[in-house]
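Encoded as structure tokens, the structure appears first; notes follow it.
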Amino acid sequence: MTELESNPLRATGWEPLELTPQLARLYGHPTGTKAYRKLISDGVLVAIVGHDDNGHAMALTHVAHFAADEVVPGRLPTFAEVYAARNVLVPREALMVAVLEPMSFALKLRWERVQSRDMLPTTPGLPTTVKCVQMYVEAVTEDVVFGTQDVPNPTPTPRWPAVPLRDPVGPVPDELLGDAERAALEDDDERPDDDDPHDGER
């Protein structure tokens, strides 16, 4: 048994963290139940994962360095980092999607906070947090999107009757035929049919 099979967290660089309500909210998943940290070349990845009636969820954040008394956001995690963390920290059978808020929504919230005297509560997570949630797909949609192999694909019924393609050349007029071609056509017309049923009676 390899180290990856016996302890995938340790083999891939993840180590558990003591999860507190403040830490869970700061790193994007207030209802998370487990926290992990991974040291990388340009900082630290912090993952908060959890599972409830809605399914699995994960928040992945990149910070310049990890400290309890100081938080310095780094950059957005790359797709490879999100995908690798999801494969290790979330069950493989869960279909996970990344939630990306539209920029107009973020700007609207900021504008409301500036114009209001009562500051609205900040959303969980840092600017460098990517949130992933489990998505459930109906069977018919799953077949269309993912091409399930065990469901036969019916042959589509054409909307209009099939029309045979027209020969772009067509028959050649007799005046354009040479003597050799005209003689070959006459020979074909005079040649007896090989499938004549009365051939044996002659």
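Points to keep in mind about this one:
- Qualifying residue in segment 82-95 (condition: part of a strand (DSSP E or B), surrounded by 18 or more Cβ atoms within 10 Å (Cβ to Cβ) and either in contact (Cβ under 8 Å) with a residue 40 or more places away in the chain or aromatic (Phe, Trp, Tyr) (or both)): no
- Counting only strands (runs of 3 or more DSSP E) that fall entirely inside segment 2-80 and contain at least 1 residues that are surrounded by fewer than 19 Cβ atoms within 10 Å (Cβ to Cβ) and among the β-branched types (Val, Ile, Thr), the qualifying elements are 34-40, 43-52, 71-73.
- Scan of segment 96-130 for residues that are surrounded by fewer than 13 Cβ atoms within 10 Å (Cβ to Cβ) and modelled with pLDDT of 90 or more, ordered by number: Val97
- Within the set Thr20, Thr31, Thr2, the sole residue that is over 19 Å from Cys132 (Cα atoms), hydroxyl-bearing (Ser, Thr, Tyr) and either at pLDDT 90 or above or in contact with a strand residue (DSSP E or B) (Cβ under 8 Å, 6 or more places away or on another chain) (or both) turns out to be Thr20.
The values are calculated or read from the model by the stated rules, or taken from the named source; none is laboratory data. The shown structure was predicted, so the numbers you read here are calculated from the model rather than taken from an experiment. All Cβ positions, even for glycine, are placed from backbone atoms using ideal geometry, and neighbour counts span all protein chains on display.
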